[in-house]
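For reference, the structure discussed in these notes is given below.
Values quoted throughout were computed directly from the atomic coordinates according to the rules given, and no laboratory measurement underlies them. Worth saying up front: this structure is predicted, and the values here are computed from it rather than measured. Cβ atoms come from the backbone with ideal geometry, glycine included; neighbour counts cover every protein chain shown.
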Amino acid sequence: MNQLVDGEWRTDAYEATDEEGSFQRGETTFRNWIAGSDVPDHVDAEPDERFQPEAGRYHLYVSYACPWAHRTLLARSLLGLEDAIDVSVVDPWRGEDGWQFTPEKEGCTPDKLHDSDYLRELYVEADPDATCRVTVPVLWDTEEETIVNNESREILRTLSTAFDDLGNGASLLPGPDDEATVAEVDQVITDIYEPVNNGVYRAGFATSQGAYDEAIDDLFDALDRWNDHLADQRFLVGDSLTEADVCMFTTLVRFDHVYHTHFMCNKQFVHQYEHLWPYLRDLYQTEGGAETVKMAHIKEHYYTTHPDVTPSGIIAGGPDLDWEADHDRARLDGEAPAPDAAD
């Protein structure tokens, strides 16, 4: 697969699967934290005082197609940070040259900061000798002129905690005095990552039957578990929408349109689950949720960007789902994130 090697773009740099045919996701490389971020206990890092939380200073590079970038877009929307952090949106189609900017395409933008043709140019700007994959999201600092972080889970936590004074007063974490619940949010994010968030990729990119079977078993065991969990609980942790729900949402919202067919995760649709489907509609209908979902970008990316999986490039037509149908989840007494009364 393609990546930068010593600042040069290579199209044969690494294999995405191991000798057993199992998909192996590469590590992200830029892992700085903005001052004021609550760094989780599992991360060996400290906030960097060079990066102060200021409106207009930071910029997000995203793809509407990518579930990892979608996490940051959804958090930005739910927290009311649109005016504080602007975004540049890449083309959903990704070819041999990596993510590219095609502003003439609906829903896409130019590189608003550097007028780059390709996202990899930003990586080289940040590190001329970069050896890494070129991924979204990217959190860019316009003052230091560098990438702060390109790990979605860490950008999500930064948005949740470092920009409290710049948003709408909503929160995606329990209060600072509730460390036990914050720890539970972190644990749930970890628990759903391998079988669900990454599990769909483990199935779709598997190159052996054994690797595929293992991924599918893990995935649907997890979906069954979380479906049961949501039978009497509106959200994954506690009684309000948290980062854990953001991380679950961006996989589930793609599932029936893409992962079920394209990645052969076809034991069951999400819309066939008694509790996961209303839960997903509940999140979609939360103010700030639906506008971050660009299904045309999602479907174009997956069906046209992975020729080893779908060589024809034909985009599947269905399914036709009613995202606005009543979800009846409010009866479980949870609360979607809302601004403080003063706002």
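Can you tell me what share of the DSSP beta bridges in the chain is antiparallel? A percent to the nearest 5 is fine.
Values: 15 of 21 bridges.
Close to 70 percent.
Treat every Asp and Glu Cβ in the chain as -1 and every Lys and Arg Cβ as +1, leave all other atoms uncharged, and give the resulting dipole magnitude about the Cα centre to the nearest 20 debye. Write down the numbers at each step before the final one.
On the way: 24 positive and 72 negative charges, 219 e Å.
Roughly 1060 debye, rounded to the nearest 20.
Please work out the FRET efficiency for the pair Asp164 and Glu144, using the Cβ-Cβ distance as r and a Förster radius of 25 Å; give the result to the nearest 0.05.
On the way: r = 22 Å, r/R0 = 0.86.
So the FRET efficiency works out to roughly 0.70.
I'd like to compare 109-116, 55-62: which one has the highest average count of other Cβ atoms within 10 Å, and what's the full order after that? Walk me through the intermediate numbers first.
On the way: 109-116: 15.9, 55-62: 19.8.
Descending packing order for the listed peptides: 55-62, 109-116.
Taking the Kirkwood radius as the inverse of the mean 1/r across Cα pairs, report the Rg/Rh of the stretch 53-99.
On the way: Rg = 11.8 Å, Rh = 11.5 Å.
Using only Cα positions, Rg/Rh for the stretch 53-99 is 1.03.
For the chain, with a Gaussian network of springs between Cα atoms less than 10 Å apart, report the residue from Ala215, Ala183, Ala75 with the top mean-square fluctuation.
Looking only at Ala215, Ala183, Ala75, the largest GNM fluctuation is found for Ala183.
Show which lysines lie in cross-link reach of Lys299 when reach means a straight Cα distance below 17 angstrom and same-chain residues fewer than eight apart are skipped.
Hits, sequence-local ones excluded: Lys105.
Using 0.36 nm per residue, how much length does the chain from Arg225 to Asp326 gain when fully extended, once their Cα-Cα distance is taken away? Write down the numbers at each step before the final one.
On the way: separation 101, 0.36 × 101 = 36.36 nm, distance 2.33 nm.
Extra length available between Arg225 and Asp326 comes to 34.0 nm.
Of the peptides 287-296, 3-12, 253-262, how do they stack up when ordered by the mean number of other Cβ atoms within 10 Å, highest first?
Working: 287-296: 16.7, 3-12: 14.2, 253-262: 21.9.
Ranking, from highest mean packing down: 253-262, 287-296, 3-12.
Taking the Cβ-Cβ separation of Ala55 and Gln187 as r and a Förster radius of 45 Å, what is the calculated FRET efficiency to the nearest 0.05?
On the way: r = 32 Å, r/R0 = 0.72.
Calculated transfer efficiency: 0.90.
Which of Gly95, Asn227, Asn149 sits farthest toward the positive end of the charge dipole of the chain, with +1 on the Cβ of Lys and Arg and -1 on the Cβ of Asp and Glu?
Of the candidates, Gly95 comes out farthest on the positive side.
Rounded to the nearest Å, what's the spacing between the alpha carbon centres of the stretch 119-176 and the stretch 198-269? Just the number, please.
When both Cα centres are located, 25 Å separates them.
Find how much the distance from Gln268 to Lys112 grows on full extension, using 0.36 nm per residue of separation minus their present alpha carbon separation; answer in nm with one decimal.
Working: separation 156, 0.36 × 156 = 56.16 nm, distance 4.10 nm.
The Gln268-Lys112 span can extend by a further 52.1 nm.
Please quote Rg/Rh for the chain to two decimal places, taking the Kirkwood radius as Rh and restricting both calculations to Cα atoms.
0.94
Each residue of the stretch 39-47 in order: what ³J(HN,Hα) in whole Hz does its phi give by Karplus 6.51 cos²θ - 1.76 cosθ + 1.60, θ = phi - 60°, with x for Gly and Pro?
Going residue by residue, I get 6, x, 4, 7, 9, 8, 7, 10, x Hz, with x marking Gly and Pro.
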